[in-house]
Amino acid sequence: MAPKASAKKVAKKKAAPKKAAPKKAAPKKAAPKKAAPKKAAPKKAAPKKAAPKKAAPKKAAKKSRAPALRAETRKAEGPRGSGRAREKSVRIGDDAVLRSDGTLEIRMELPAEVLAEAAAESALREGDLPEAIAQLSRAMELAATPNAARHVARGKAYYHAGDFARAIADFERALLLEPQFSDLHFEKGKAELRAGRHVDANDSFSRDLSLGDPSPISLFNRHIARKGLGDVEGALADLDLAVRALPDSVPMRLARSDLRSTRGDLRGALEDVNAAVAAQPNDGALHDRRARLAFRAAEYELAASDFRLAIALAEEDGGSPSPEWYAGEALSLGQLGRYDQAIAVLSRAIELNPDEPTMYCNRGWLLHLAARDDDALADLDRALALNAGYAKALHNRAFVRERRGDLAGARADYEQLRELGHDVSESLARLAAAPH
């Protein structure tokens, strides 16, 4: 029986491996864990999504094709006492960065017409009108549709360049595109004035005035157009309204003074000049202007005072007074009967301008009024030596000679005047009838 038992034992020993088989199969169940890297494959593929970052140089290439635009900016101040500015850049959206030096870096592709317009704005800031006009013209050529604002900008550039005809053409085109464009009739009127087109300018400023509250500047400009058309009354009416709105405006006051003077209203003209002088009391030219007007209005005291003030203001500024101011003061004093004082002032004018015949003529007459005829004739001779055909000096010398009894000399002067085309028949007849 032993062999049988031994066979059972052997059988049991041989069967043991069959029970352990499931343990060995465990590695097969763990196979899914080894497959985990396959699930992680999407993470490895992430660099493919990051490809746009590598494409950044393409955006930089676009930047290099578009010129940087300038923008107004201020640098923030650094700590007190540091004497330095704290520089910083500011991001403006995703497509632009404002650098600390004021440069606007564009990181996007801009239309060519926009770049041309930006170049035109830069040229205008630098005062390069031809370049601005060229860039605006290019922007218009590249644009798919007409743009009124670009025509206005180019029209203004043409205006400042002195090409008024092209400026007007651009303004007219802009009005066709946008009839209600703000202030465009005003701009067009200014160009028409400079071009001498007074009828068109009058129409443009009238249109501008009809679109809103009357502007004193539009009224002032329309008065120029109306004056050019000979409409003095209409021009005065415009100035009356303009001065009412801006009573302290020196240009408006002087313009109305001129028109009033033209119409013979010397008192009204003086009123306006008085207002101008009150606004700018240290302006020697204004005192000169009022002095001349006062002399015409027989306000000789005011005239002499203003000429003297004009001289004093010029000397205070370190300039040279006009000899005409001395002459004006002298003539005003002469009208007041202050002959000696007038002669002294006029002598100063002759020192400043020794080759001007009118100065000698005027002083000669003042010397005659001061009963100094010998000196008077010497000055009149000097005036005629400088200008032999000076009619006023011939008249004065003939008069002085006649009063002194030098009838032959007086007759010679009158004959010369007749040869110059002056009617001196009465004077010659008087001398012919005088006893010899």
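The values are calculated or read from the model by the stated rules, or taken from the named source; none is laboratory data. Owing to the predicted nature of the structure, the values given are computational and were not obtained by experimental measurement. Every residue, glycine among them, receives a Cβ derived from its backbone with ideal geometry; neighbour counts consider all protein chains shown. Side chains included, ligands, DNA and RNA excluded: accessible areas come from the protein's heavy atoms. Shrake-Rupley method; radii C 1.70, N 1.55, O 1.52, S 1.80 Å.
Determine, yes or no, whether E126 is closer than 27 Å to E192 by Cβ, open to solvent by 60 Å² or more (accessible area, probe 1.4 Å) and modelled with pLDDT of 90 or more. No.
Inspect the stretch 100-107 for any residue being surrounded by fewer than 16 Cβ atoms within 10 Å (Cβ to Cβ), free of Cβ contacts under 8 Å to residues at least 24 places away in the same chain and of a type outside the set (S, T, Y) and give the result as yes or no. For the stretch 100-107, residues surrounded by fewer than 16 Cβ atoms within 10 Å (Cβ to Cβ), free of Cβ contacts under 8 Å to residues at least 24 places away in the same chain and of a type outside the set (S, T, Y): present. Within the stretch 144-167, the residues that satisfy the criterion of being more than 19 Å from the chain's Cα centre (by Cα) and either on the phi > 0 side of the Ramachandran plot or in a loop (DSSP other than H, G, I, E, B) (or both) are A144, T145, P146, N147. Taken over the stretch 187-201, residues that are acidic (D, E) and either open to solvent by 40 Å² or more (accessible area, probe 1.4 Å) or at pLDDT below 95 (or both) amount to 1.
When L239 is tested against (1) in contact (Cβ under 8 Å) with a residue 12 or more places away in the chain; (2) out of contact with any Phe, Trp or Tyr (no Cβ under 9 Å at 6 or more places or on another chain), exactly one condition is not met: (2). Annotation note: of L313, L309, the sole residue that is in contact with a His (Cβ under 8 Å, 6 or more places away or on another chain), in a helix (DSSP H, G or I) and farther than 21 Å from S261 by Cβ is L313. Looking for something of a type outside the set (S, T, Y) and not in a helix (DSSP H, G or I) - is there at least one such residue anywhere in the stretch 255-264? Scanning the stretch 255-264 turns up at least one residue that is of a type outside the set (S, T, Y) and not in a helix (DSSP H, G or I). Checking each residue in the stretch 237-276 for being charged (D, E, K, R), surrounded by 22 or more Cβ atoms within 10 Å (Cβ to Cβ) and within 21 Å of E301 (Cβ to Cβ) picks out only D272. Looking only at the stretch 306-339, filter to residues that are open to solvent by 50 Å² or more (accessible area, probe 1.4 Å) and among the small types (G, A, S); which one of those is modelled with the highest pLDDT? My answer is G318. So, in the stretch 140-165, of the ones that are farther than 16 Å from L124 by Cα and touching a residue at least 12 places away in the same chain (Cβ under 8 Å), which residue ends up surrounded by the fewest Cβ atoms within 10 Å (Cβ to Cβ)? Within the stretch 140-165, the match that is surrounded by the fewest Cβ atoms within 10 Å (Cβ to Cβ) is A165. Filtering A303, A342 for residues that are under 27 Å from D265 (Cα atoms), modelled with pLDDT of 95 or more and open to solvent by less than 50 Å² (accessible area, probe 1.4 Å) leaves a single hit, A303. In the stretch 408-418 there is no residue matching the filter, namely being under 48 Å from the mean Cα position of the chain (by Cα) and not basic (K, R). The single condition among (1) touching a Lys or Arg at 6+ places or on another chain (Cβ under 8 Å); (2) surrounded by 21 or more Cβ atoms within 10 Å (Cβ to Cβ) that S347 does not satisfy is (2). Test S204 against the stated conditions and say whether it is polar (S, T, N, Q), open to solvent by less than 30 Å² (accessible area, probe 1.4 Å), closer than 29 Å to A235 by Cα and out of contact with any strand residue (DSSP E or B) (no Cβ under 7 Å at 6 or more places or on another chain). Taking the combined requirement at face value, the residue satisfies it. Here is the figure for the stretch 402-423: residues that are touching an Asp or Glu at 6+ places or on another chain (Cβ under 8 Å) and open to solvent by less than 50 Å² (accessible area, probe 1.4 Å) total 1. The single condition among (1) open to solvent by 60 Å² or more (accessible area, probe 1.4 Å); (2) within 21 Å of R418 (Cα to Cα) that L352 does not satisfy is (2).
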